[in-house]
1. Is it fair to say TRP78 is closer than 13 Å to LEU27 by Cβ and either buried (at least 21 other Cβ atoms within 10 Å of the Cβ) or not β-branched (Val, Ile, Thr) (or both)?
2. Residue by residue through the range 1-29, note down the ones that are modelled with pLDDT of 50 or more and in a helix (DSSP H, G or I).
3. Just to be sure before I move on: is PRO201 crowded, with 16+ Cβ neighbours inside 10 Å and in a loop (DSSP other than H, G, I, E, B) in the structure I sent?
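The values are calculated or read from the model by the stated rules, or taken from the named source; none is laboratory data. The structure presented is a predicted model; accordingly, all values stated were derived computationally and were not measured. Glycine gets a Cβ as well: all are built from the backbone with ideal geometry, and neighbour counts include every protein chain shown.
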Amino acid sequence: MLAACVVLALPGVAKAERLRLGVPQALRDSGLMTYVLPRFSLKTGVGVDLVPEGAEAELSLEAGGTGRAVFVGPQATWRMTLHDSGHAGAARFADWLLSDIGQRTVAAYEVDGQSPFGPPERARAAQVAPTFAGDAALGKTLSNDLCGRCHVVSEETRMNDIGSTPSFFMLRAMKDWARRFEAFYALNPHPSFTQVEDVTPPFHIERPPPIIPVEMSLDDLEAIMAYVATMTPADLGAPIRHQ
């Protein structure tokens, strides 16, 4: 749990430089402020007091709103509002957070090897969903015929998968799902039993596929991806938090 006050006792730092920073509880609980604020204070000598959302503050961070976007994640664009432009500490924090150093510091924070926060450009990129020219209805049929022996590919086939393989719903929830599908035939274990017309080499004569081969064309793959793009991603839950 983040302490209510982040203090670095540096000699010669004027009390007037202390900053009251409004931060919602969800952002406190994420651990980002515990990581970021000591690094800011060490760099600038400005102490920061965290205050609850809505309390009097020189500067605040909030999910949404009309302030300037400073970073994104998880599932929100975090914006900064400067309430007292004449406050030296608030101005320094705003400048630092928007600088390359500040942005890299935010992106460097990790939870279980993942970086849940990043620059605001990630939010704009996330709004541009990939589109595919294939026939989604055909893609559903192909998914059942070609992929359904291992994966859950639709609501109707939820009990027909191999338990160790991810469902299409789970794969669709991943940020890089389109890249995974585009190159699936090169990702293990698919190369040992998958043939994509005019793309993959034929099976080695001494190493035949262990199961009935999956054979498709690039048009088939485009149709499958068009279908997957229409799916509702699985709810994988909130990111794991730890002390």
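1. Values: closer than 13 Å to LEU27 by Cβ: yes; either buried (at least 21 other Cβ atoms within 10 Å of the Cβ) or not β-branched (Val, Ile, Thr) (or both): yes.
The answer is yes for TRP78.
2. Those that are modelled with pLDDT of 50 or more and in a helix (DSSP H, G or I): GLU17, GLN25, ALA26, LEU27, ARG28, ASP29.
3. Working: crowded, with 16+ Cβ neighbours inside 10 Å: no; in a loop (DSSP other than H, G, I, E, B): yes.
When the stated conditions are applied, PRO201 does not pass them.
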